[in-house]
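One structure is given below, encoded as structure tokens.
Any read-out appearing in this document is the output of simple, stated calculations on the displayed coordinates, not a laboratory observation. Treat the numbers as computed from the prediction; the structure is a model and nothing was measured. Note that we place each Cβ from the backbone using ideal geometry, even for glycine, and neighbour counts take in every protein chain shown.
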Amino acid sequence: MRIVKNDDRRFDPWFARELVCPRDQSDLRRDGEHLVCAQLHVYPIVAGIPIMLVDDVHQTAPEVTRRSLAATSLRVENPVSQVGPDAVDSYVQAAIVGTNGNLYGRIAGKLPRYPIPEMRLPPPREGARDLLDLGCNWGRWSIAAARRGYRPVGMDPGLESILPARRIARQLGVDARFLVGDARYIPFRGGRFDVVYSYGVLQHFSPADARLAIAEAAGVVAPLGTVLIQMAARYGLLSIFQQARRGFRDPDGFEVRYWKPSEIEASFQRLIGPTTLSADGYFTLNPQPSDLDLLPLHYRQLVHLSESMRALSRYIPALLGIADSIFATAVKSA
């Protein structure tokens, strides 16, 4: 990274109004290149990005968080775009397998366009457009939400991904905000968002941490608002295969956790409100029909098969039990 003097003009004053201390939910004030609460908890601003991490708890992604906290002593340049208007940012070219999965392995470094998915949300109601994207990484779902008519805020513990997310959104002409934060300690006021969304993130958390994040999502979503979170399910064919590969041992670190559908439903129901489960995908944890043109033929066939089974699951509920990827959609009680 090229280190330059911080440009405070890049800091969005919206954050100063809307953020609260993730430790105690108290108000924050701007103090130069920091946000500070009444209890003197301090959160740096780096290249205009608020770093809202709680540093004295165990971390779900320790190395990512460590690098974000270390970067607070630097001032990092984040130009509007490092590439031409039609080129794919180098960060995405390098990170595509990590963010989108093994289906994208053959095109890593050779992406001809950004793989922006279609978001399975209805267009927002008038006055109910604010969406929080937890674990947004380079922002693909935040961009998808903006194209759907929402006002997205993307949050991720990695400054190394938030800077590209902001850069890519600007490159694509998308109005989105981004900050560094932890899904277990969301630094926004209660009831601030109409939708809280997360894809491919909580499946990496321990059950206790995942439930912390679900409870935090419940806190920041408005009454009658929607929390929509993707989880990896235990009894899908791919899920069983992956569990067998590691000898059905307990997962370590950032490895995927596979939940029983009944566990997913019970947790969301208890922590948020009425919950519906729906199949997201079969044989893969990231089946995106919008990316068919990017995938090799055999993976295109897999995504087509996944979509066929997902459609059938609406009429044959038992198929939900063998889905690999499940959406939990919970509506917060009024």
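Taking other C-beta atoms within 10 Å as the exposure proxy, His34, His298 rank His298, His34 from fewest upward. If I measure Cβ to Cβ between cysteines in the chain, which ones have no partner under 4.7 Å? Cys with no partner Cβ under 4.7 Å: Cys136. Cβ-to-Cβ counts within 10 Å put Ser267, Ser161 in ascending order as Ser267, Ser161, the fewest first.
Subtracting the Cα-Cα distance of Phe241 and Ser262 from their residue separation scaled by 0.36 nm leaves 5.5 nm. Ordering 274-283, 308-317 by mean Cβ neighbour count within 10 Å, with the highest value first, yields 274-283, 308-317.
Net charge in the neighbourhood of Arg23 (other residues with Cβ under 12 Å of its Cβ; Lys, Arg +1, Asp, Glu -1) is -3. Computed extension gain for Thr276 through Gln93, at 0.36 nm per residue and net of the alpha carbon distance, reaches 62.4 nm. In terms of overall dimensions, segment 8-73 has a Cα radius of gyration and Dmax of 11.8, 33 angstrom.
Three semi-axes describe the equivalent ellipsoid of segment 90-331; taken as square roots of 5 times the Cα gyration tensor eigenvalues and ordered largest first, they are 25, 23, 18 Å. Relative to the longest principal axis of the Cα atoms of the chain, the long axis of helix 207-220 makes an angle of roughly 60 degrees.
Taking Cα atoms only, the orientation of helix 90-100 departs from the longest principal axis of the chain by about 40 degrees.
For segment 181-263, the spread of Cα positions along the three principal axes, ordered from largest to smallest, is 43, 22, 17 Å. Here the Gaussian network model covers the chain, with springs between Cα atoms less than 10 Å apart; of Pro157, Pro117, Pro296, Pro296 fluctuates the most. Take the alpha carbon atoms of segment 185-256, find their center, do the same for segment 81-124, and report the distance between the two centers in whole angstrom. Spelled out, the Cα-based centre of one part sits 22 Å from the other. Relative to the current alpha-carbon distance between Arg66 and Ala318, full extension at 0.36 nm per residue lengthens the span by 86.4 nm.
Legend: calculated FRET efficiency, Gln301 to Arg170, from the Cβ-Cβ distance at R0 = 30 Å, rounded to 0.05, equals 0.25. Once the Cα atoms are used to define both axes, helix 261-271 deviates from the longest principal axis of the chain by about 40 degrees. Listed values for segment 104-109 are Karplus-derived 3J(HN,Hα) couplings in whole Hz (6.51 cos²θ - 1.76 cosθ + 1.60, θ = phi - 60°), namely 9, x, 6, 10, 4, x, and x replaces Gly and Pro.
Taken over segment 34-178, the percentage of Cα pairs per 5 Å bin, counting from 0 up to the bin with the maximum distance, is 2, 9, 17, 20, 20, 16, 10, 5, 1, 0, 0.
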